[in-house]
Amino acid sequence: MKGNKTGIFFVQGDEAIAEGAIAAGCRYFAGYPITPAQEIAEILGQRMPEVGGVCMQMEDELASIHSIGGASCAGFKAMTASSGPGISLKLEGLGWGIKNELPYVVVDVQRAGPSNGVATRVAQGDFYTIRYGSAGGNHALIALSPKSVQEAFDLTIECFNLAEIFRCPVFLLCDEVIGHTREKLVIPDPSKIKIVERKKPKDPPEEFLLYPLDDDSVINYPFPSVGEGYGICVSPYTHTSKGYPSTEKEHQDKMASRLTNKIMKNLDKLTKVEKKYLEDAEVAVITFGASARPALAAVEIARGNGMKVGFLRPIIIWPFPDEEIYRVAEQVDFILVPELNTDGQMVREVARASKGKAEVYHLGSGGIDTHLPDEIWEEIRRLKK
Amino acid sequence: MTTVAKEFPLLHPLVTKYLRPERMPHLACAGCGIGQVLHCTLNAVDELGLTPLNTVWVQGVGCSSRLSYALWKGDSIDAHHGRIFAVGTGLKMCRPELNFILFTGDGDCAAIGGNHFIHACRRNLDVVALMFNNGIYGMTGGQVAPTTPLGATTTTTPHGNFEDPFDLCKVAEAAGASYVARWRATDFKPLTNSIKRGLQIKGFAFIEVLLACATNFGRYVLKTGDPREVQKWINDRVVTIKKAKNLSPEKLKDKILIGEFMRRERPGIVENYQSLLKRIKEV
């Protein structure tokens, strides 16, 4: 099938991500085979040429993320996808994309770790990895996490749109369960899908500044590509507004502040949560991605047993929805965060955002399987006592 | 900073035509051949009538790249250490109509970027890669490189290098590059011609340039700070391909061949992908 797909399908999350990318206007994909993300590359190997795009299988994960950086500089919407140890490698290239404000999308279909772990099974160990894994700090990050095949499609498109609006790499933090689950997917007509195209400068090249260092919160900032006469200067070094390398404290401060604040000063555009049964809740369950499914089921079991339990799921997980969490913390006695890692990742953010207003508990697991609704329900009941 | 150009009205016309005067003077140490290679590159660009509009410079990390970065009036894409071939692949696959000149060093290309380099040759990516080989890590201060001769003392091999060096031209040739050549920075005319040929030929053009680095190679390997002595060390080892044909293997031991090693027509990834797209469109 050529062109954009429209209609109702029964597909896996990985396929929804691939079609979401096509629908969003992505025309360059580069990847390296890794379970459970390789279906995205396989499908795009078929689909990209059909829509006139490029799909590359690179020699490694580093090459694939750097090549999408190159494609982004060439004016293309670009994406890569990986998992586990592949994501560790991707982080090397991520810094280059963040620092140069390159719009592109990185998909992480999380699997059980650390290291190779269990390639074919679910976990949620990369919540902090993607946010803090790129050496050097001095930046914020945007990441979205789907809980269904439909959301995998919708959020992939949103990732591309946010990448263009904020001119930065955006993560889709998926997981093996969502990546491999087959569910109903509705792909609307292209005219019904909101797409943000790359903004091009109106200023002539001699007046245009590639990096708006003097305004750390400006978004929707244009990004000319190579070959458009703007002489863009992209580099790994701290830069001036024109992109020239600099060792001046002034430039370092302004650049670091911009890479953080263009996201953190625009939180109103970056808060997206799912809330259920919170109105009268005395207990809240907060989680993300695949864990949200048994968690919501557990909340409904609790409700069925007359217990006032609510549910909140950050959809945009980075930046973390501090205010939404605080409001819940003010209201409830305690919060339970079930997630598929034993070190406690999102739970720390929930505890931080709660500012001591509620007790925060972790229900961890090394992954392979998601929690069962009963396990979460049992934990709620145990903690309530 | 634009005052630099005014202060030096005698700046070479190629510099004012193709480079950003405000980025001059560049950072090269006294006696370094990088300026010479830039000159050869600009000559080739000028003779072929390329412009900052249709030509992009791509750099890695190291002396080779720091010197050429943000110097070209057109687009200048500087990659992480070793990643220029990956970035270059993304750029070229998306914008095949543009010319790409990649500046890399021996550390950038042979060490940290080695895998990407081999695959760029295999894919026969239609770009020109100039590898500046000074036999040592220059920018970080004289550490052993994959191109450092066996036995040489460097800051990280004070007891002598115990590894054999790489011959990157042989790697490029074996891996499938369309064009492979090696010259000294002082081989002004042949180097210029090679860059021109590399820009004209379809596929991957790999040109290695032997540079005399007095600051680090001179200091640590040859125990001299005099660029002329470093250049002499190179000159004593260099043999043209033509002359080498009449020399015995014993006489060629420890010699470095210069010349054009490979010139072939071999379809590359860009052409192959375009015909694939055409084929799919027709179905």
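The values are calculated or read from the model by the stated rules, or taken from the named source; none is laboratory data. Nothing here was measured: the structure is a model prediction, and the numbers come from that model. Positions of Cβ are generated from backbone atoms using ideal geometry, with glycine treated the same way; all protein chains shown enter the neighbour counts.
Only a single item in (1) part of a loop (DSSP other than H, G, I, E, B); (2) free of Cβ contacts under 8 Å to residues at least 12 places away in the same chain is not met by residue A:70, and it is number (1). The condition (being farther than 26 Å from residue B:267 by Cα and touching a residue at least 40 places away in the same chain (Cβ under 8 Å)) is satisfied by just one residue among B:126, B:106, B:78: B:106. Once segment A:22-52 is narrowed to residues that are facing chain B (nearest Cβ under 9 Å) and part of a loop (DSSP other than H, G, I, E, B), the residue that is nearest to residue A:172 (Cα to Cα) is A:27. Taking the criterion of being under 15 Å from the mean Cα position of the chain (by Cα) and of a type in the set (A, V, I, L, M), the residues of segment B:95-111 that qualify are B:101, B:102, B:110, B:111. On the stretch given as segment A:220-240, residues that are more than 12 Å from chain B (Cβ to nearest Cβ) and surrounded by fewer than 17 Cβ atoms within 10 Å (Cβ to Cβ) total 2. For segment A:206-228, does any single residue satisfy the condition of being in contact with a Leu (Cβ under 6 Å, 6 or more places away or on another chain) and not hydroxyl-bearing (Ser, Thr, Tyr)? Yes, that holds for at least one residue.
For segment A:260-268, the criterion of being at pLDDT below 95 and either crowded, with 18+ Cβ neighbours inside 10 Å or on the phi < 0 side of the Ramachandran plot (or both) is met by no residue. Each residue in segment A:229-264 was checked for being closer than 28 Å to residue B:27 by Cβ and out of contact with any helix residue (DSSP H, G or I) (no Cβ under 8 Å at 6 or more places or on another chain), and 20 pass. Listed residues B:67, B:19, B:48; which is farther than 23 Å from residue A:242 by Cβ and touching a residue at least 40 places away in the same chain (Cβ under 8 Å)? That would be B:48, the only listed residue that is farther than 23 Å from residue A:242 by Cβ and touching a residue at least 40 places away in the same chain (Cβ under 8 Å). The residue of segment A:54-65 that is surrounded by the most Cβ atoms within 10 Å (Cβ to Cβ), among those that are more than 9 Å from chain B (Cβ to nearest Cβ) and more than 15 Å from residue A:133 (Cβ to Cβ), is A:55. Check whether at least one residue in segment A:286-297 is crowded, with 19+ Cβ neighbours inside 10 Å, of a type in the set (S, T, N, Q) and outside any helix (DSSP H, G or I), and report yes or no. So far as segment A:286-297 goes, yes, one or more of its residues are crowded, with 19+ Cβ neighbours inside 10 Å, of a type in the set (S, T, N, Q) and outside any helix (DSSP H, G or I). Residue A:124 satisfies every condition listed in (1) of a type in the set (S, T, N, Q); (2) part of a loop (DSSP other than H, G, I, E, B); (3) within 14 Å of chain B (Cβ to nearest Cβ) except (3). Is it the case that some residue within segment A:86-104 is modelled with pLDDT under 95 and away from every other protein chain (no Cβ under 12 Å)? Checked against the condition, which is being modelled with pLDDT under 95 and away from every other protein chain (no Cβ under 12 Å), segment A:86-104 yields no hits at all. Against the condition surrounded by 17 or more Cβ atoms within 10 Å (Cβ to Cβ), free of Cβ contacts under 8 Å to residues at least 24 places away in the same chain and among the aromatic types (Phe, Trp, Tyr), how does residue A:244 come out, does it pass? Judged against the criteria, residue A:244 is a match. Just one of the numbered conditions (1) surrounded by fewer than 17 Cβ atoms within 10 Å (Cβ to Cβ); (2) within 14 Å of chain A (Cβ to nearest Cβ) is not true of residue B:267: (2). Just one of (1) surrounded by fewer than 17 Cβ atoms within 10 Å (Cβ to Cβ); (2) assigned to a loop (DSSP other than H, G, I, E, B); (3) of a type in the set (D, E, K, R) fails for residue A:183. It is (2). Scanning segment A:20-40 for residues that are surrounded by fewer than 24 Cβ atoms within 10 Å (Cβ to Cβ), in contact (Cβ under 8 Å) with a residue 60 or more places away in the chain and over 17 Å from residue A:103 (Cβ atoms) yields A:34, A:35, A:39.
Applying a threshold of 6 Å to beta carbon distances and a minimum spacing of six or more residues, or different chains, the list of pairs starting in segment A:180-208 at a residue that is over 15 Å from residue A:75 (Cβ atoms) and ending at one that is among the β-branched types (Val, Ile, Thr) reads A:183/A:149; A:185/A:11; A:185/A:149; A:186/A:8; A:187/A:6; A:189/A:6. Scanning segment A:66-85 for residues that are hydrophobic (A, V, I, L, M, F, W, C) and more than 8 Å from chain B (Cβ to nearest Cβ), we see that the one that is farthest from residue A:339 (Cα to Cα) is A:79. Only one entry of A:298, A:256, A:329, A:290 meets the criterion of being of a type in the set (A, V, I, L, M, F, W, C) and in contact with an Asp or Glu (Cβ under 6 Å, 6 or more places away or on another chain), and that entry is A:290.
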